[in-house]
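Colleague: Can you keep this structure in mind? I'll have questions shortly.
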Amino acid sequence: MSAAPFISLAWNRHDCQVEGQYACQFGHRIPRPGSADADGIFCGWHWDGNRLVVYNDRYGMFPLFYCQVGNRLLVSPSLTTLLERGASPDLDHGSLYLFLHLGAHLAEHTPFAHIRAIP
């Protein structure tokens, strides 16, 4: 199995089961004088027991992916980890077509139909 960090939240009407790391940050945050917003290339998440906050830098340079599998939400910087944890391997043929022509995926698209990048 992949060693990349992840968080998995599975909910029902009564509670939420959490697996993985409750908080994780990648990259480098650079404080901006006079602003609450940070600069740099970073992403991460924080689960406080009630709410999951997922964030990234203003350019979305550090990749962070998510998918929903039934009643479960998965977040990780690794596509492989999401696939190993149950994300659908169905391909997004339109996104692959554009990738082959442009050399990059557009917006939040990935090679997989049910996995998206944090915008």
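The values are calculated or read from the model by the stated rules, or taken from the named source; none is laboratory data. What you are looking at is a predicted structure, and each value in this text was computed from that prediction instead of being measured. No Cβ is skipped: glycine too gets one built from the backbone with ideal geometry, and neighbour counts run over all protein chains shown. These area figures cover heavy atoms from the full protein model, side chains too; ligands, DNA and RNA do not enter into them. Shrake-Rupley method; radii C 1.70, N 1.55, O 1.52, S 1.80 Å.
Colleague: Restricting things to Cα coordinates, could you compute the convex hull volume per residue of the stretch 47-92 in Å³?
Modeller: 102 Å³
Colleague: Now for a separate question. Along the principal axes of its C-alpha atoms, what lengths does the chain span, in descending order and rounded to whole Å?
Modeller: Between the extreme Cα coordinates on each principal axis of the chain lie 44, 42, 26 Å.
Colleague: Once the piece of chain linking Glu84 and Cys16 is laid out straight, how much longer is it, given 0.36 nm per residue of separation minus the C-alpha distance between them?
Modeller: 22.4 nm
Colleague: Given labels modelled 7 Å from the Cα in the Cβ direction, how far is it in nm from Asn71 to Tyr97?
Modeller: Calculated label separation equals 3.8 nm.
Colleague: Additional query: Could you look at the chain and say what percent of its accessible area is carbon and sulfur, using a 1.4 Å probe and all protein chains?
Modeller: In the chain, the share of accessible area belonging to carbon and sulfur is 56 percent.
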